[in-house]
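Chemist: Structure provided below as structure tokens; questions to follow.
The values are calculated or read from the model by the stated rules, or taken from the named source; none is laboratory data. Every value quoted in this text rests on a predicted model; they were computed, and no experiment measured them. Heads up, the Cβs are rebuilt from the backbone with ideal geometry, glycines too, and the neighbour counts pull from every protein chain shown. Side chains included, ligands, DNA and RNA excluded: accessible areas come from the protein's heavy atoms. Shrake-Rupley method; radii C 1.70, N 1.55, O 1.52, S 1.80 Å.
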Protein chains: 2
Amino acid sequence: MIDIALKRFFNFVVLAILPFSASSQSTNLTSYVKPLIGTSKMGHTFPGATVPFGAVQLSPDTDTIPYAIDGTYTGDVYKYCAGYQYDDPTIVGFSHTHFSGTGHSDLGDILVMPTEGKVQLNPGTADRPEDGYRSVYSHDREQAEANYYSVWLEDHQIQAELTTTTRVGVHRYTYPESDQSHLIVDLNAGIYNYDGKNVWTVVRVLNDSTITGYRQTNGWARTRTVYFAIKTSKPFKNYGAQYLDRNVQYKGFWRKFDQEDNFPDLAAHDIRMHLDFDTDADEQILMKVAISPVSMRNALENMEVEVPHWDFEQVVKEGKCRWETELSKFQVEMLTEEDLVNFYTSVYHANLMPTIYMDHNGQYKGLDHEVHQASDFINYTSFSLWDTFRAFHPWLNLVDPERNSDMVTSMLAHYDQSVLKMLPIWSHYANENWCMSGYHSVSVIVDAILKGVYQGDAMAALEACVQTANTRRYEGIGAYIDLGYVPDDVNATSVSNTLEYAYDDWCIAQLAMKLGQDDVAKEFTRRAGSWKNLFDERIGFMRPKDSQGNFREQFDVLDTHGQGFIEGNTWNYTLYVPHQPEELMEVLGGRAALELYLDSLFTMDLPDRYFENTEDITREGIIGNYVHGNEPSHHVAYLYNLTASPWKAQERIREIIRHQYHNGPAGLGGNDDCGQMSAWYLFSSLGFYPVAPGDTYYWLGSPLVKSASIQLPNGRQLQIKASNQSEDHVYVSQVRWNGHALRDFKIAHEDLAKGGELEFVMSAEPVIAN
Amino acid sequence: MIDIALKRFFNFVVLAILPFSASSQSTNLTSYVKPLIGTSKMGHTFPGATVPFGAVQLSPDTDTIPYAIDGTYTGDVYKYCAGYQYDDPTIVGFSHTHFSGTGHSDLGDILVMPTEGKVQLNPGTADRPEDGYRSVYSHDREQAEANYYSVWLEDHQIQAELTTTTRVGVHRYTYPESDQSHLIVDLNAGIYNYDGKNVWTVVRVLNDSTITGYRQTNGWARTRTVYFAIKTSKPFKNYGAQYLDRNVQYKGFWRKFDQEDNFPDLAAHDIRMHLDFDTDADEQILMKVAISPVSMRNALENMEVEVPHWDFEQVVKEGKCRWETELSKFQVEMLTEEDLVNFYTSVYHANLMPTIYMDHNGQYKGLDHEVHQASDFINYTSFSLWDTFRAFHPWLNLVDPERNSDMVTSMLAHYDQSVLKMLPIWSHYANENWCMSGYHSVSVIVDAILKGVYQGDAMAALEACVQTANTRRYEGIGAYIDLGYVPDDVNATSVSNTLEYAYDDWCIAQLAMKLGQDDVAKEFTRRAGSWKNLFDERIGFMRPKDSQGNFREQFDVLDTHGQGFIEGNTWNYTLYVPHQPEELMEVLGGRAALELYLDSLFTMDLPDRYFENTEDITREGIIGNYVHGNEPSHHVAYLYNLTASPWKAQERIREIIRHQYHNGPAGLGGNDDCGQMSAWYLFSSLGFYPVAPGDTYYWLGSPLVKSASIQLPNGRQLQIKASNQSEDHVYVSQVRWNGHALRDFKIAHEDLAKGGELEFVMSAEPVIAN
């Protein structure tokens, strides 16, 4: 079943010891990490080099610009969220910032490309790479590992190698003999670029091997500035710049300076540069690129602190060591080698975002455009909260609580800096981009507090949650508060908004109860039931309702377009009441009705036309009408636990794992969404899942591992054991926690976090209820 | 001779005690300050409120935008350098930053206009003010004083009053009764504006009476950002914004927020805002606007420190008190009341620029785009050095040396931050705009060191001077070093550049000699003679020469266009050898030849066509072919001292004073040029002038004062006495320093700076040499 492409993909893997276990003796867990997983089609992961939660993601871009400078649309922007598509024939260059697995995009800062021959400052096209600086490449000569990426650039006969530290990208290029060797630094390039995205660019060539500057953009982040510092291991003999907008040069003073040739003081909207070298055969030139959210000075300091040398191998090694530290928290025994790759690559993908957004000296740029000093936490950015509140942040609460606590602190800092007085919705690089719906910071904060992970000022956190939830002007919240639902005529995604607000409000109520804030608890408990207002008993589904209280007449229960939902249909979204599943079951008609609903969901046919042109929903991500490639249904399989047939949960979970997670570039059935898809895999493969964060119980499913030993903080260990595990033994006949049988398919976070052994007894036959 | 307009102009002056002396008892010297002088035609001064060297110049703009948003040219940009032209019928609004007397421009930040009636967010035109927010006004109801400006806005029936502290503009508007009273805040407006100048704008409405933000522009300053904080004394009931470029709003999320109505989180290229109020009849609303080069936070802090209250009168009073302090350094007795106004208004104009560019906490933005902390100096910006090295900085060396020392420190900081390793040429707001020629920072620095004013690291200063003078890539310097002149085929202003470089190089040589740097002294003494290489003996003038050493064939000695000079003809520029006037006299043919040359210069006819379209040269600024309205000839009248007829210097100096300096809006014959025109007046009216800064001797002329008592640092006093002074007694028969006769029409800075009495005995008859 392993085809040629997959073999090639495995080419450089040093496989671990049979039988498919990563023993504690192993020091080579990074070999299971395959950064190319998810780089084909809709995974939207990037294959390049990075360290855990690193600020720099140094990765090849195969195309990034949906619009040409002349305004013509050049291709499918959506697929270039991470800058790289596995099937593309050319590499444009290597840029320093990338989201992992998102469904909208930005970044791609400071694109570098080594070239040989005449200077070309335009990127060229995939059809005619020879017209620009880009190059044809082949996966045969491409290597993607944790914190190491290399590729042979055919057009330039140059070997490219990349590695990173937290804030520094390190490049190593091996050139042929030439007096026309170059490094192209394209400061115009960017992901989701278009004419006018670059607001301003400054470049200062400090000496023959040092450049600083910044790039200010108006993209998904409305006002974003990335400062940088560049050093080359060899002095450039010459350099030059191309201004795409000549009129902003030092005006009228062209007579005073040639501003393109070796002119060190550049500023314009759009700048591309070339650095020129003489090279001997196989001569290696290294380049370090440090970034900062604050200043060029800080970028230089970041470089000086993190990579004060030119030892490329040392940087690779230190980064791999950091990955090994993260990966070796998990010692797992699995059914197949492919499972080990899936597992550790999922750990890898769940250790990329949010990224560190803070200089080595603790300074960072806030949402208020001011420079702040982080005194006692690490500041993070890029919170894709509609995705990550579901499983990613709960995952950190279990396995990396200190980090999640810092993320909560970062979100509360965002709130403090917000002129709208709102917690982040989808925030990146000191900006709010308002993507997707709900106010799911609330879920992350409440879950972290209730699980004892965030130990800061809980009352202040509650206030931030309440204030955010009461932002009447935001996406129908005012009407939602007044009417108990978002009206269809006020908001285009009124139903999914209502459902998500209701869940978030329930989270707020849980925190308020814990803090003894009875009035708040009462109010938000009331609001938590708002989902009921949009359930149409006549059809048994959630349905849009207008301000007058009338359900919408024209309504298609299968369509994901224009029906009042964001990226989903009512078949999926009707189940989105994670905080009150029993009440939902009730309105759906009881246990049997829920089971029938779920059976139908997983087995019915959803024709393409119902989800065509809906981002993040593809045929690959679908089982029946269940959409795993997008997030709203991630808890759904576990709902079978409420029915008379929990074995169907077990069956479907194993099916989803087998259907949706593969080795190989096309291994992900949907956007990884900043680690959410991977966190689902990790939880589910260990046998439990946080159906409703804010509830401190996990729901049990069907583990994929044969065994797992998870290192928790303070030296505690969580052991997972799946007795009698096999490919066919997907059913759970018994579950024991520290030897005691569990009967309701739930286990408390508090128990797991203390450490102990969770044992599943697997079976080939389901346990059928009477 | 006082016409109606002038009477109106004097309307609000409280005249001082006759006979035209400003006695030491007077506490009302500010009443002699007429900010409207120079606001008509070419003076390019602004009439608004400011404090000495204040960062804020809060002043009315009568038109500022040469290009409409649609790209059409709307008028004469040059005349709007200071935003205000006296003859204009309408006021657009009041903005916070203005140059004084420049010949090119920028700034005009944060334009505020109070209006009544429907909200109009476009400025309208002078022809149809009713189409926009601007208003008709009349000089009858306009009042311009030191740190106070008021005007009646006819269209809105609103009285506007303005005052300032160093970093805060304070507005007071008296409204009619209305439920449609507004404050328009136009962040798109700017001086020398054009479509695309605004690079980015951010606005944050913190509460119902506080706004912060910044405005980033690409104008004369290539990369400039002004941060601001605004507070109103009364909460606005409503506010809104107009985006001129809607596409940069939070994209695709219009459904989530109405981003124009009461939306507090704005960012775009171009933003205009309105704040709405209900007002009773005669209700006053105050507004404070603080600026910062560093951050919104700093702007708020500047406001809190400088104006923590709402007492408008107190701010006026404190500012006037600071002006009184500056003015009262000079107690003068003069011939006419008009002379007193000219004198104290000159002192005023010589106390406006360069401006303080540093927050209250000492932070400022450097040329390197980094935030710096000024530890032991005040940082200044806006150095119009081609103008101000001549008399303005020497003036400060005498009367305000500590301030000039800080300006030198600011220039050296600029050098340290320069990636080109150059001292400022024409720098403003952490930018270099490269305007005009020479590297005259050198002159200012050397003069300040040789006069004992700058006591910092002289060797470091010398290094900065040498490094700047050796910037081969800059405007012909490389060829100048190699050939001894800037070739005509290399640079369009090759002759004036050569002359100015030669003078600057002589300054460097003087400093090198003082510091015992013999090699540097020798090299730059050699370079100081470069002017000789362009003197064409055949015609007796400086003349362009090509790289092969051939003088240009086609050459017009009267034309100011295309002849190798910047803003001047060879008749004027040939005399620009201030450092070696005797040698110049020699090549011109000796004493008699120089006298004949000067006689011709002052008496010949220069037809308009020779200077039409040359900025800063107008009929008003010309006597014969002598151009006082522009700077290169400012030392020329004093050159008569070298001839047998120093009395001609005395006669011409008095003539220039009478011809070029008047009360009234059209009182200046050319751009005031950041105080240079005024500094010429101040020196010359006291009877001496720094012909060649770097030389520590002043040349004597003919005083205008009857007496003057000048307060020097450390309690010393310089007394000037002009015995037998009268309108007709323009000639000097004797000069005595502390009672000892001076015979060579020179006096040392060292002597004057110690204090003492300089007595001129005036006469109706010239002293004719034998």
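Chemist: Where the convex hull is taken over the Cα atoms of the range A:703-770, what is its projected area averaged over directions, in nm²?
Modeler: Directional mean of the projected Cα hull area for the range A:703-770 stands at 4.7 nm².
Chemist: Write down the radius of gyration of chain B and its Dmax, each obtained from C-alpha positions, in Å.
Modeler: Calculated on Cα positions, Rg and Dmax stand at 26.2, 92 Å.
Chemist: If you build the convex hull over the alpha carbons only and average its shadow over all orientations, what do you get for the protein assembly as shown? Give it in nm² to one decimal.
Modeler: Dividing the Cα hull surface by four gives the mean projection, 59.6 nm².
Chemist: I need the peptides A:446-458, B:470-482 ranked by packing, meaning the mean over residues of other C-beta atoms within 10 angstrom, with the highest value on top.
Modeler: The densest-packed peptide leads the list: A:446-458, B:470-482.
Chemist: Still on this structure, please answer the following. Let me know the Rg and Dmax you get for the range A:535-681 when you use only its Cα atoms, in Å.
Modeler: Calculated on Cα positions, Rg and Dmax stand at 15.3, 52 Å.
Chemist: Sticking with this structure for a sec: Could I have the simple spin-label model distance between A:Lys421 and A:Glu583, label points 7 Å from Cα toward Cβ, reported in nm to one decimal?
Modeler: 2.7
Chemist: Further, regarding this structure: List the lysines whose alpha-carbon lies under 27 Å from that of A:Lys648, not counting same-chain residues fewer than 8 positions away?
Modeler: Straight-line reach from A:Lys648, under 27 Å: A:Lys532, A:Lys706, A:Lys721, A:Lys746.
Chemist: Further question: Please calculate how many Å² of accessible area the range A:620-770 carries per residue, with a 1.4 Å probe and no DNA, RNA or ligand atoms counted.
Modeler: 30
Chemist: Please express the shape of the range B:121-162 as an equivalent ellipsoid: the semi-axes are the square roots of 5 times the eigenvalues of the C-alpha gyration tensor, given largest first in whole angstrom.
Modeler: Semi-axes (√(5λ), whole Å): 21, 10, 9.
Chemist: Quick check on packing: order B:731-737, A:696-702 by the mean number of other C-beta atoms within 10 Å, highest mean leading.
Modeler: Result, highest mean Cβ count within 10 Å first: A:696-702, B:731-737.
Chemist: How big is the Cα convex hull of the range B:107-180 in projection, averaged over all directions, in nm²?
Modeler: 5.8
Chemist: Between A:Asn714 and A:Asp258, what length comes free when the chain is fully extended (0.36 nm per residue of separation minus the Cα-Cα distance, one decimal in nm)?
Modeler: Using 0.36 nm per residue and subtracting the Cα-Cα distance, I get 158.0 nm.
Chemist: Express the relative contact order of chain A as a whole percentage, based on alpha carbon pairs under 8 Å and six or more residues apart in sequence.
Modeler: 12
Chemist: Let me ask something additional. If you take the beta carbon distance between A:Asp127 and A:Asp546 as r and set R0 to 35 Å, what does 1/(1 + (r/R0)^6) give as a FRET efficiency, to the nearest 0.05?
Modeler: 0.10
Chemist: How well do other chains shield peptide A:419-427, expressed as the mean number of their Cβ atoms within 10 Å of each residue Cβ?
Modeler: 2
Chemist: Along the Cα→Cβ direction, 7 angstrom out, place labels at B:Cys321 and B:Asn613. What is the inter-label distance in nm?
Modeler: That separation, rounded to one decimal, is 5.4 nm.
Chemist: Determine the relative contact order of the range A:665-723: mean sequence separation of Cα pairs under 8 Å and six or more apart, normalised by residue count, in whole percent.
Modeler: 22
Chemist: With angles folded into 0 to 90 degrees, how steeply does helix B:337-349 sit against the dominant principal axis of chain B? Use alpha carbons for both and round to 10.
Modeler: Between the helix axis and the principal axis of chain B, the angle is about 70 degrees.
Chemist: Sticking with this structure for a sec: Please compute the average number of Cβ atoms from other chains found within 10 Å of each residue's Cβ in peptide B:722-735.
Modeler: Across B:722-735, the average partner-chain Cβ count within 10 Å equals 0.
Chemist: Something else about it: Quick check: pseudo-label points 7 Å beyond the Cα along Cα→Cβ at B:Ser138 and A:Arg658, how many nm apart are they?
Modeler: Output for this residue pair reads 9.4 nm.
Chemist: Counting only the backbone N, which residues of the range A:607-647 are under 13 Å from the spot 7 Å out from the Cα of A:Arg591 toward its beta-carbon?
Modeler: A:640-647
Chemist: Next up: With just the Cα atoms of the range A:453-564, tell me how far they stretch along each of the three principal axes, in Å, largest first.
Modeler: 48, 26, 26
Chemist: 7 Å along Cα→Cβ for the label point: how many nanometres lie between A:Gly562 and each equivalent label in the other copies, listed shortest first?
Modeler: When each copy's label point is compared with this one, the spacings are 6.6 nm.
Chemist: On to the next question. Based on the mean of other beta carbon atoms within 10 Å per residue, what is the order of B:287-293, A:412-418, most packed first?
Modeler: Going by the mean number of other Cβ atoms within 10 Å, highest first, we get B:287-293, A:412-418.
Chemist: Still on this model: What do you get for GluC sites (Glu not before Pro) in the range B:692-770 restricted to DSSP loop and a cutoff of at most 15 other Cβ within 10 Å of the site's Cβ?
Modeler: Sites meeting the loop and neighbour criteria: B:Glu727.
Chemist: In square angstrom and rounded to 100, what buried accessible area do you get between chains B and A, total over both, with the probe at 1.4 Å?
Modeler: So the total buried area for this chain pair works out to about 4600 Å².
Chemist: Express the relative contact order of the range A:93-171 as a whole percentage, based on alpha carbon pairs under 8 Å and six or more residues apart in sequence.
Modeler: Result for the range A:93-171 is 19 percent.
Chemist: What is the diffusion coefficient of the range B:303-442 in µm²/s, taking the Kirkwood radius over Cα pairs and the Stokes-Einstein relation at 25 °C with a viscosity of 0.890 mPa s?
Modeler: 145
Chemist: To one decimal in nm, how far is A:His139 from the same spot in the other copies, if labels go 7 Å from Cα toward Cβ? Please give the shortest first.
Modeler: Going from nearest to farthest copy, the values are 8.1 nm.
Chemist: Quick one: accessible surface of A:Trp220, probe radius 1.4 Å, all protein chains present, in square angstrom to the nearest 10.
Modeler: 30
Chemist: Just flag the trypsin sites (Lys or Arg not before Pro) in the range B:518-623 sitting in loop per DSSP whose Cβ has no more than 13 other Cβ atoms within 10 Å.
Modeler: In loop regions of the range B:518-623 (DSSP not H, G, I, E or B), the sparsely surrounded trypsin sites (Lys or Arg not before Pro) are B:Arg538.
Chemist: Compute the long axis of helix A:441-450 from its Cα atoms, compare it with the longest principal axis of the Cα atoms of chain A, and write down the angle in degrees, 0 to 90, nearest 10.
Modeler: It is inclined by approximately 60 degrees.
Chemist: Could you list which residues have their amide H under 5 Å from that of A:Asn630, counting only those 5 or more apart in sequence or on another chain, with H placed in the peptide plane?
Modeler: Counting only residues 5 or more places away or on other chains, the set is empty.
Chemist: Let me ask you something else. Roughly to the nearest percent, how much of the accessible area of the range A:72-195 is carbon and sulfur, given a 1.4 Å probe?
Modeler: Within the range A:72-195, the accessible surface is 46 percent carbon and sulfur.
Chemist: I'd like to know how the range A:349-427 sits against the 2.2 N^0.38 Å rule of thumb: what's its Cα Rg over that expected value?
Modeler: Compactness ratio reported: 1.06.
Chemist: Turning to a different aspect of this structure: Treating cross-link reach as a plain straight distance, find the lysines whose alpha-carbon is under 20 Å from the alpha-carbon of A:Lys317, omitting any fewer than eight places away in the same chain.
Modeler: Reachable lysines: A:Lys34, A:Lys288, A:Lys329.
Chemist: What percent antiparallel are the DSSP beta bridges of chain A, to the nearest 5?
Modeler: If we restrict to bridges inside chain A, about 95 percent are antiparallel.
Chemist: Sticking with this one: Average partner chain C-beta neighbours within 10 Å, per residue of B:368-377?
Modeler: Other-chain Cβ atoms within 10 Å of each residue's Cβ, averaged: 3.
Chemist: In whole angstrom, how long is each semi-axis of the equivalent ellipsoid of the range B:608-728, when you take the square root of 5 times every eigenvalue of its Cα gyration tensor and sort them from largest down?
Modeler: One finds semi-axes of 25, 17, 15 Å for the range B:608-728.
Chemist: Then there is this: Filter the trypsin sites (Lys or Arg not before Pro) in the range A:79-184 to those in DSSP coil with at most 10 other Cβ atoms within 10 Å of their Cβ, and list the result.
Modeler: A:Lys118
Chemist: For the range A:392-471, go through all pairs of different Cα atoms, get the mean of 1/r, take its inverse, and jot down that Kirkwood value in Å.
Modeler: 12.6
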